[in-house]
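Chemist: The structure follows.
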Amino acid sequence: VGATIFGFLRAFLFGPGGPRLGGMGTGAALGRSLTALYGPELELPAFFEGPFMQAVQAAQRQLKLVVVFLHSEHARDARRFCTDVLCNDIVRTMLDDNFLLWGGDIARMEAHIVAQMVHAPQYPCFSVLLPASVDEVRVIGTLQGEVQADAAISLLAACTEEMETHRSEMVARREQHAEDRNLREQQDREYQEALEMDRKRAEEQERQEREAREARQAEEERLRREREAAERAEAERLALIEERRVQAERLEPEGPEATARIALRLPAGQRAQRRFRPGATLADVYAWAGCVGHLPENEGRGLEIPRRFVLKTSFPTRDLTEMDRTIKDLELSGTNLVLAEIEDEEEGE
(Lines give C-alpha, C1' and ligand atoms only; values in the text may rest on other atoms or scores of the structure.)
Protein backbone atom coordinates (compact mmCIF):
# COMPACT_ATOMS: atom_id res chain seq x y z
CA VAL A 1 0.00 0.00 0.00
CA GLY A 2 1.78 3.11 -1.15
CA ALA A 3 1.15 6.74 -1.98
CA THR A 4 -2.27 6.11 -3.45
CA ILE A 5 -4.31 6.38 -0.26
CA PHE A 6 -4.05 10.14 0.04
CA GLY A 7 -5.05 10.71 -3.56
CA PHE A 8 -8.33 8.85 -3.47
CA LEU A 9 -9.22 9.77 0.09
CA ARG A 10 -8.97 13.50 -0.65
CA ALA A 11 -11.91 13.00 -2.99
CA PHE A 12 -14.14 12.54 0.06
CA LEU A 13 -13.40 15.77 1.93
CA PHE A 14 -16.97 17.01 1.50
CA GLY A 15 -18.17 15.03 4.52
CA PRO A 16 -16.73 13.04 7.42
CA GLY A 17 -16.42 9.47 6.29
CA GLY A 18 -17.28 10.31 2.68
CA PRO A 19 -20.69 9.85 1.05
CA ARG A 20 -23.07 8.00 3.39
CA LEU A 21 -24.43 4.70 2.14
CA GLY A 22 -25.81 3.81 5.58
CA GLY A 23 -24.05 2.28 8.55
CA MET A 24 -22.71 3.77 11.74
CA GLY A 25 -20.14 6.25 10.52
CA THR A 26 -16.37 6.41 10.97
CA GLY A 27 -13.85 7.47 13.57
CA ALA A 28 -15.17 8.42 16.98
CA ALA A 29 -18.73 8.39 15.61
CA LEU A 30 -18.40 4.64 15.15
CA GLY A 31 -17.48 4.19 18.81
CA ARG A 32 -20.55 6.11 19.91
CA SER A 33 -22.76 4.08 17.58
CA LEU A 34 -21.35 0.78 18.85
CA THR A 35 -22.08 1.82 22.42
CA ALA A 36 -25.62 2.71 21.45
CA LEU A 37 -26.08 -0.59 19.61
CA TYR A 38 -24.43 -3.06 22.01
CA GLY A 39 -25.07 -1.34 25.33
CA PRO A 40 -23.68 1.57 27.38
CA GLU A 41 -21.65 -0.87 29.48
CA LEU A 42 -19.16 -1.22 26.61
CA GLU A 43 -15.79 0.22 27.57
CA LEU A 44 -14.28 0.81 24.16
CA PRO A 45 -10.82 2.21 23.43
CA ALA A 46 -10.59 5.80 22.22
CA PHE A 47 -11.26 6.19 18.49
CA PHE A 48 -9.54 8.93 16.49
CA GLU A 49 -11.91 11.85 15.87
CA GLY A 50 -11.61 12.59 12.18
CA PRO A 51 -11.28 11.01 8.72
CA PHE A 52 -8.76 8.30 7.92
CA MET A 53 -6.33 10.58 6.12
CA GLN A 54 -6.03 12.81 9.17
CA ALA A 55 -5.49 9.75 11.37
CA VAL A 56 -2.55 8.66 9.21
CA GLN A 57 -1.03 12.15 9.30
CA ALA A 58 -1.45 12.35 13.07
CA ALA A 59 0.23 8.95 13.47
CA GLN A 60 3.14 10.11 11.37
CA ARG A 61 3.63 13.18 13.57
CA GLN A 62 3.36 11.12 16.77
CA LEU A 63 5.48 8.23 15.42
CA LYS A 64 2.70 5.76 16.17
CA LEU A 65 1.11 2.85 14.37
CA VAL A 66 -2.45 3.13 13.07
CA VAL A 67 -4.93 0.39 13.94
CA VAL A 68 -7.90 0.20 11.57
CA PHE A 69 -11.09 -1.48 12.79
CA LEU A 70 -13.58 -2.16 9.98
CA HIS A 71 -17.06 -3.04 11.22
CA SER A 72 -20.01 -4.61 9.43
CA GLU A 73 -23.26 -5.00 11.33
CA HIS A 74 -24.04 -7.97 9.07
CA ALA A 75 -20.89 -9.86 10.08
CA ARG A 76 -21.51 -12.90 12.25
CA ASP A 77 -18.76 -12.00 14.74
CA ALA A 78 -19.43 -8.25 14.92
CA ARG A 79 -20.97 -8.16 18.40
CA ARG A 80 -18.52 -10.63 19.94
CA PHE A 81 -15.53 -8.74 18.54
CA CYS A 82 -16.74 -5.49 20.12
CA THR A 83 -17.57 -6.99 23.50
CA ASP A 84 -14.77 -9.56 23.87
CA VAL A 85 -11.86 -8.07 21.91
CA LEU A 86 -12.17 -4.28 21.76
CA CYS A 87 -13.43 -4.14 25.35
CA ASN A 88 -10.72 -6.46 26.65
CA ASP A 89 -8.77 -4.56 29.32
CA ILE A 90 -5.37 -5.45 27.88
CA VAL A 91 -6.37 -4.71 24.28
CA ARG A 92 -7.95 -1.40 25.25
CA THR A 93 -4.91 -0.33 27.28
CA MET A 94 -2.48 -1.27 24.50
CA LEU A 95 -4.53 0.61 21.91
CA ASP A 96 -4.90 3.74 24.05
CA ASP A 97 -1.24 3.83 25.10
CA ASN A 98 0.66 2.80 21.99
CA PHE A 99 -1.55 3.11 18.91
CA LEU A 100 -3.87 5.47 17.10
CA LEU A 101 -7.22 3.70 16.57
CA TRP A 102 -9.45 4.58 13.62
CA GLY A 103 -12.72 2.76 12.98
CA GLY A 104 -15.21 2.68 10.14
CA ASP A 105 -18.45 0.99 9.16
CA ILE A 106 -17.97 -0.47 5.67
CA ALA A 107 -21.40 0.80 4.73
CA ARG A 108 -19.68 4.22 4.58
CA MET A 109 -17.76 5.01 1.42
CA GLU A 110 -14.58 6.08 3.20
CA ALA A 111 -14.44 2.86 5.22
CA HIS A 112 -15.22 0.84 2.10
CA ILE A 113 -12.22 2.42 0.34
CA VAL A 114 -9.98 1.76 3.35
CA ALA A 115 -11.19 -1.88 3.27
CA GLN A 116 -10.06 -2.14 -0.34
CA MET A 117 -6.73 -0.56 0.57
CA VAL A 118 -5.99 -3.13 3.29
CA HIS A 119 -7.52 -5.95 1.19
CA ALA A 120 -10.00 -6.86 3.93
CA PRO A 121 -11.30 -10.38 3.11
CA GLN A 122 -14.02 -10.47 5.78
CA TYR A 123 -15.36 -8.58 8.74
CA PRO A 124 -14.77 -7.54 11.39
CA CYS A 125 -11.27 -6.65 10.17
CA PHE A 126 -8.52 -5.47 12.53
CA SER A 127 -5.41 -4.19 10.69
CA VAL A 128 -2.22 -2.54 11.91
CA LEU A 129 -0.68 0.04 9.55
CA LEU A 130 2.78 1.58 9.56
CA PRO A 131 2.85 5.20 8.24
CA ALA A 132 6.44 4.82 7.08
CA SER A 133 6.56 8.23 5.39
CA VAL A 134 4.33 10.99 4.05
CA ASP A 135 3.35 8.94 1.01
CA GLU A 136 3.85 5.34 2.14
CA VAL A 137 1.61 3.30 4.43
CA ARG A 138 2.25 -0.40 4.96
CA VAL A 139 -0.06 -3.09 6.33
CA ILE A 140 2.05 -5.03 8.86
CA GLY A 141 -0.63 -7.21 10.46
CA THR A 142 -4.29 -8.16 10.02
CA LEU A 143 -6.92 -10.21 11.85
CA GLN A 144 -10.43 -10.79 10.56
CA GLY A 145 -13.59 -12.73 11.18
CA GLU A 146 -13.65 -14.83 14.33
CA VAL A 147 -10.88 -13.13 16.34
CA GLN A 148 -9.92 -13.99 19.91
CA ALA A 149 -8.61 -11.40 22.36
CA ASP A 150 -5.35 -13.33 22.75
CA ALA A 151 -4.72 -13.10 19.02
CA ALA A 152 -5.32 -9.35 19.04
CA ILE A 153 -2.96 -8.93 22.04
CA SER A 154 -0.26 -10.97 20.31
CA LEU A 155 -0.60 -8.95 17.11
CA LEU A 156 -0.43 -5.62 18.94
CA ALA A 157 2.57 -6.75 21.00
CA ALA A 158 4.46 -7.94 17.93
CA CYS A 159 3.69 -4.74 16.03
CA THR A 160 4.77 -2.64 19.00
CA GLU A 161 8.16 -4.33 19.00
CA GLU A 162 8.45 -3.85 15.25
CA MET A 163 7.49 -0.20 15.58
CA GLU A 164 10.47 0.45 17.86
CA THR A 165 12.75 -0.47 14.98
CA HIS A 166 10.78 1.62 12.49
CA ARG A 167 10.53 4.56 14.89
CA SER A 168 14.32 4.76 15.18
CA GLU A 169 14.58 4.47 11.42
CA MET A 170 12.02 7.25 10.87
CA VAL A 171 13.71 9.60 13.35
CA ALA A 172 17.12 8.89 11.84
CA ARG A 173 15.72 9.50 8.35
CA ARG A 174 14.30 12.88 9.37
CA GLU A 175 17.57 13.93 10.99
CA GLN A 176 19.59 12.73 8.00
CA HIS A 177 17.32 14.60 5.58
CA ALA A 178 17.72 17.81 7.58
CA GLU A 179 21.48 17.37 7.77
CA ASP A 180 21.72 16.64 4.05
CA ARG A 181 19.58 19.64 3.23
CA ASN A 182 21.71 21.98 5.35
CA LEU A 183 24.90 20.57 3.86
CA ARG A 184 23.61 21.00 0.32
CA GLU A 185 22.55 24.59 1.02
CA GLN A 186 25.96 25.43 2.45
CA GLN A 187 27.77 23.81 -0.46
CA ASP A 188 25.54 25.61 -2.95
CA ARG A 189 26.32 28.97 -1.37
CA GLU A 190 30.05 28.32 -1.37
CA TYR A 191 29.93 27.04 -4.91
CA GLN A 192 28.01 30.04 -6.21
CA GLU A 193 30.39 32.45 -4.53
CA ALA A 194 33.43 30.75 -6.08
CA LEU A 195 32.18 30.68 -9.67
CA GLU A 196 33.34 33.26 -12.19
CA MET A 197 31.15 34.58 -14.97
CA ASP A 198 32.84 32.71 -17.81
CA ARG A 199 32.64 29.44 -15.91
CA LYS A 200 28.97 30.12 -15.20
CA ARG A 201 28.29 30.62 -18.89
CA ALA A 202 30.09 27.38 -19.77
CA GLU A 203 28.24 25.45 -17.10
CA GLU A 204 24.92 26.98 -18.14
CA GLN A 205 25.49 25.90 -21.72
CA GLU A 206 26.46 22.40 -20.60
CA ARG A 207 23.40 22.24 -18.33
CA GLN A 208 21.06 23.25 -21.13
CA GLU A 209 22.55 20.69 -23.48
CA ARG A 210 22.33 17.97 -20.84
CA GLU A 211 18.75 18.81 -19.95
CA ALA A 212 17.78 18.86 -23.63
CA ARG A 213 19.42 15.48 -24.13
CA GLU A 214 17.80 14.02 -21.03
CA ALA A 215 14.46 15.48 -22.06
CA ARG A 216 14.72 13.81 -25.46
CA GLN A 217 15.68 10.52 -23.87
CA ALA A 218 12.88 10.80 -21.33
CA GLU A 219 10.34 11.54 -24.08
CA GLU A 220 11.57 8.59 -26.13
CA GLU A 221 11.32 6.35 -23.10
CA ARG A 222 7.83 7.64 -22.30
CA LEU A 223 6.66 6.99 -25.85
CA ARG A 224 8.20 3.51 -25.81
CA ARG A 225 6.46 2.63 -22.56
CA GLU A 226 3.15 3.99 -23.78
CA ARG A 227 3.46 1.99 -26.98
CA GLU A 228 4.30 -1.21 -25.13
CA ALA A 229 1.50 -0.61 -22.65
CA ALA A 230 -0.97 -0.06 -25.49
CA GLU A 231 0.19 -3.23 -27.21
CA ARG A 232 -0.15 -5.24 -24.02
CA ALA A 233 -3.57 -3.80 -23.32
CA GLU A 234 -4.77 -4.61 -26.84
CA ALA A 235 -3.43 -8.16 -26.61
CA GLU A 236 -5.12 -8.64 -23.25
CA ARG A 237 -8.36 -7.19 -24.60
CA LEU A 238 -8.41 -9.54 -27.59
CA ALA A 239 -7.51 -12.52 -25.41
CA LEU A 240 -10.31 -11.66 -23.00
CA ILE A 241 -12.82 -11.34 -25.85
CA GLU A 242 -11.81 -14.75 -27.20
CA GLU A 243 -11.93 -16.33 -23.75
CA ARG A 244 -15.42 -14.97 -23.09
CA ARG A 245 -16.62 -15.97 -26.54
CA VAL A 246 -15.54 -19.57 -25.87
CA GLN A 247 -17.10 -19.36 -22.42
CA ALA A 248 -20.40 -18.24 -23.97
CA GLU A 249 -20.38 -21.24 -26.31
CA ARG A 250 -19.86 -23.59 -23.37
CA LEU A 251 -22.54 -22.02 -21.20
CA GLU A 252 -25.26 -24.43 -20.10
CA PRO A 253 -28.50 -23.54 -21.94
CA GLU A 254 -31.67 -22.67 -20.12
CA GLY A 255 -33.74 -25.78 -19.69
CA PRO A 256 -37.04 -26.71 -18.04
CA GLU A 257 -35.22 -27.10 -14.73
CA ALA A 258 -33.99 -23.49 -14.89
CA THR A 259 -36.58 -21.90 -12.63
CA ALA A 260 -34.46 -19.41 -10.71
CA ARG A 261 -34.48 -16.02 -12.44
CA ILE A 262 -31.56 -13.67 -11.79
CA ALA A 263 -31.37 -10.12 -13.17
CA LEU A 264 -28.06 -8.30 -13.57
CA ARG A 265 -27.36 -4.55 -13.73
CA LEU A 266 -24.09 -3.59 -15.45
CA PRO A 267 -21.89 -0.56 -14.61
CA ALA A 268 -23.29 1.34 -17.62
CA GLY A 269 -26.85 0.81 -16.39
CA GLN A 270 -27.75 -1.92 -18.89
CA ARG A 271 -29.60 -4.98 -17.65
CA ALA A 272 -29.63 -8.67 -18.51
CA GLN A 273 -31.34 -11.68 -17.02
CA ARG A 274 -31.20 -15.45 -17.18
CA ARG A 275 -32.80 -18.47 -15.54
CA PHE A 276 -30.69 -21.04 -13.71
CA ARG A 277 -31.23 -24.35 -12.01
CA PRO A 278 -31.69 -23.76 -8.26
CA GLY A 279 -28.79 -26.16 -7.73
CA ALA A 280 -26.44 -24.13 -9.93
CA THR A 281 -23.54 -22.55 -8.03
CA LEU A 282 -22.48 -18.93 -7.67
CA ALA A 283 -19.55 -19.82 -9.94
CA ASP A 284 -22.08 -20.58 -12.70
CA VAL A 285 -23.63 -17.13 -12.22
CA TYR A 286 -20.18 -15.51 -12.45
CA ALA A 287 -19.46 -17.49 -15.64
CA TRP A 288 -22.69 -16.18 -17.19
CA ALA A 289 -22.00 -12.61 -16.05
CA GLY A 290 -18.52 -12.71 -17.60
CA CYS A 291 -19.72 -13.75 -21.04
CA VAL A 292 -23.19 -12.15 -21.05
CA GLY A 293 -22.21 -9.70 -23.78
CA HIS A 294 -21.31 -12.58 -26.13
CA LEU A 295 -24.57 -14.49 -25.82
CA PRO A 296 -26.83 -14.57 -28.90
CA GLU A 297 -29.74 -12.90 -27.10
CA ASN A 298 -27.53 -9.89 -26.29
CA GLU A 299 -25.95 -9.49 -29.72
CA GLY A 300 -25.84 -5.85 -30.83
CA ARG A 301 -26.63 -4.46 -27.37
CA GLY A 302 -23.05 -3.36 -26.78
CA LEU A 303 -22.83 -4.87 -23.30
CA GLU A 304 -19.37 -4.27 -21.84
CA ILE A 305 -18.14 -6.37 -18.91
CA PRO A 306 -15.07 -5.21 -16.95
CA ARG A 307 -12.04 -7.47 -16.96
CA ARG A 308 -12.34 -7.96 -13.19
CA PHE A 309 -15.63 -7.62 -11.35
CA VAL A 310 -17.59 -8.68 -8.31
CA LEU A 311 -21.29 -9.44 -8.02
CA LYS A 312 -23.25 -7.77 -5.24
CA THR A 313 -26.78 -7.92 -3.94
CA SER A 314 -28.59 -4.64 -4.46
CA PHE A 315 -30.20 -4.28 -1.03
CA PRO A 316 -28.77 -4.78 1.42
CA THR A 317 -25.45 -4.51 -0.38
CA ARG A 318 -23.10 -7.44 0.12
CA ASP A 319 -20.39 -9.00 -1.99
CA LEU A 320 -21.12 -12.48 -3.35
CA THR A 321 -17.92 -14.51 -3.17
CA GLU A 322 -18.86 -18.02 -1.98
CA MET A 323 -18.45 -19.68 -5.37
CA ASP A 324 -19.34 -23.22 -4.27
CA ARG A 325 -22.69 -22.29 -2.73
CA THR A 326 -25.84 -22.79 -4.75
CA ILE A 327 -28.38 -20.24 -5.91
CA LYS A 328 -30.90 -21.86 -3.61
CA ASP A 329 -28.56 -21.65 -0.59
CA LEU A 330 -27.81 -18.00 -1.27
CA GLU A 331 -31.49 -17.19 -1.92
CA LEU A 332 -30.68 -15.48 -5.20
CA SER A 333 -33.76 -16.54 -7.13
CA GLY A 334 -35.74 -13.48 -8.18
CA THR A 335 -33.00 -11.07 -7.11
CA ASN A 336 -31.42 -8.13 -8.91
CA LEU A 337 -27.63 -8.33 -8.76
CA VAL A 338 -25.16 -5.52 -9.42
CA LEU A 339 -21.95 -6.12 -11.36
CA ALA A 340 -19.23 -3.80 -9.99
CA GLU A 341 -15.82 -3.34 -11.51
CA ILE A 342 -12.75 -4.17 -9.39
CA GLU A 343 -10.04 -1.63 -10.08
CA ASP A 344 -6.57 -3.02 -10.75
CA GLU A 345 -4.06 -2.14 -8.03
CA GLU A 346 -1.69 -0.47 -10.44
CA GLU A 347 -4.48 1.82 -11.66
CA GLY A 348 -4.95 3.20 -8.18
CA GLU A 349 -1.30 3.89 -7.52
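Chemist: List the residue pairs whose Cβ atoms are under 9 Å apart, where the first residue sits in the stretch 172-195 and is farther than 22 Å from Leu63 by Cα and of a type in the set (A, V, I, L, M, F, W, C), the second is at pLDDT 80 or above and surrounded by 10 or more Cβ atoms within 10 Å (Cβ to Cβ), and the two are 6 or more positions apart or on different chains.
Modeler: Leu195/Glu203
Chemist: When you go through Glu331, Glu343, Glu304 one by one, which is the residue that is acidic (Asp, Glu), under 23 Å from His112 (Cβ atoms) and surrounded by fewer than 17 Cβ atoms within 10 Å (Cβ to Cβ)? Steps first, answer last, please.
Modeler: On the way: Glu331 fails: under 23 Å from His112 (Cβ atoms); Glu304 fails: under 23 Å from His112 (Cβ atoms).
Glu343 is the lone residue from the list that is acidic (Asp, Glu), under 23 Å from His112 (Cβ atoms) and surrounded by fewer than 17 Cβ atoms within 10 Å (Cβ to Cβ).
Chemist: Which is open to solvent by 100 Å² or more (accessible area, probe 1.4 Å), in a helix (DSSP H, G or I) and either modelled with pLDDT under 90 or not β-branched (Val, Ile, Thr) (or both), of Arg184, Arg167?
Modeler: Numbers: Arg167 fails: open to solvent by 100 Å² or more (accessible area, probe 1.4 Å).
Of Arg184, Arg167, the one residue that is open to solvent by 100 Å² or more (accessible area, probe 1.4 Å), in a helix (DSSP H, G or I) and either modelled with pLDDT under 90 or not β-branched (Val, Ile, Thr) (or both) is Arg184.
Chemist: Could you please let me know if Asp329 is within 23 Å of His74 (Cα to Cα) and in contact (Cβ under 8 Å) with a residue 40 or more places away in the chain?
Modeler: Working: within 23 Å of His74 (Cα to Cα): yes; in contact (Cβ under 8 Å) with a residue 40 or more places away in the chain: no.
When the stated conditions are applied, Asp329 does not pass them.
Condition check ((1) over 28 Å from Pro316 (Cβ atoms); (2) in a helix (DSSP H, G or I); (3) open to solvent by less than 40 Å² (accessible area, probe 1.4 Å); (4) among the polar types (S, T, N, Q)) across all residues:
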{"residue": "Gly103", "(1), (2), (3), (4)": "no, no, yes, no"}
{"residue": "Glu110", "(1), (2), (3), (4)": "no, yes, yes, no"}
{"residue": "Ile113", "(1), (2), (3), (4)": "no, yes, yes, no"}
{"residue": "Pro121", "(1), (2), (3), (4)": "no, no, no, no"}
{"residue": "Ala132", "(1), (2), (3), (4)": "yes, no, yes, no"}
{"residue": "Val137", "(1), (2), (3), (4)": "yes, no, yes, no"}
{"residue": "Ile140", "(1), (2), (3), (4)": "yes, no, no, no"}
{"residue": "Leu143", "(1), (2), (3), (4)": "no, no, yes, no"}
{"residue": "Leu155", "(1), (2), (3), (4)": "yes, yes, yes, no"}
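Chemist: Let me confirm something: among Ala258, Ala230, Ala235, which residue is part of a loop (DSSP other than H, G, I, E, B) and surrounded by 10 or more Cβ atoms within 10 Å (Cβ to Cβ)? Working first, answer last.
Modeler: Numbers: Ala230 fails: part of a loop (DSSP other than H, G, I, E, B); Ala235 fails: part of a loop (DSSP other than H, G, I, E, B).
Selected residue: Ala258, the only one of Ala258, Ala230, Ala235 that is part of a loop (DSSP other than H, G, I, E, B) and surrounded by 10 or more Cβ atoms within 10 Å (Cβ to Cβ).
Chemist: OK, next. Are there any pairs with C-beta distances below 7 angstrom linking a residue in the stretch 43-66 that is of a type in the set (Asp, Glu) to a residue that is not in a loop (DSSP other than H, G, I, E, B), with the two at least 6 apart or on different chains, and if so which?
Modeler: Filtered contacts from the stretch 43-66: Glu43/Arg92; Glu49/Ala28.
Chemist: Okay, moving on. Being over 30 Å from the mean Cα position of the chain (by Cα), closer than 25 Å to Ala233 by Cα and among the basic types (Lys, Arg) is the requirement here; does Arg307 meet it?
Modeler: Values: over 30 Å from the mean Cα position of the chain (by Cα): no; closer than 25 Å to Ala233 by Cα: yes; among the basic types (Lys, Arg): yes.
Judged against the criteria, Arg307 is not a match.
Chemist: Only residues in the stretch 152-168 that are touching a residue at least 40 places away in the same chain (Cβ under 8 Å) count as the first member; pair them with residues that are among the polar types (S, T, N, Q), Cβ under 6 angstrom, at least 6 apart or cross-chain, and list the lot.
Modeler: The qualifying pairs are Thr160/Asn98.
Chemist: Still on this model: If you check every pair at least six apart or on different chains, which have Cβ atoms under 9 Å apart with a residue in the stretch 225-237 that is of a type in the set (S, T, N, Q) first and a residue that is surrounded by 10 or more Cβ atoms within 10 Å (Cβ to Cβ) and in a helix (DSSP H, G or I) second?
Modeler: none
Chemist: Here is a follow-up. Scan the stretch 260-287 residue by residue and report those that are within 19 Å of Arg245 (Cα to Cα), in contact with a helix residue (DSSP H, G or I) (Cβ under 9 Å, 6 or more places away or on another chain) and free of Cβ contacts under 8 Å to residues at least 60 places away in the same chain.
Modeler: Correct list: Ala272, Arg274, Asp284, Val285, Ala287.
Chemist: How do the pairs read when you match residues in the stretch 99-127 that are polar (S, T, N, Q) with residues anywhere that are open to solvent by 40 Å² or more (accessible area, probe 1.4 Å), using Cβ under 7 Å and keeping only pairs 6 or more apart or on different chains?
Modeler: Within 7 Å, the pairs are Gln122/Gln144; Ser127/Val139; Ser127/Thr142.
The values are calculated or read from the model by the stated rules, or taken from the named source; none is laboratory data. Predicted model only: the values in this text are computed from it and were never measured. All Cβ positions, even for glycine, are placed from backbone atoms using ideal geometry, and neighbour counts span all protein chains on display. Heads up: the accessible areas ignore ligands, DNA and RNA and are worked out on the full protein's heavy atoms, side chains in. Shrake-Rupley method; radii C 1.70, N 1.55, O 1.52, S 1.80 Å.
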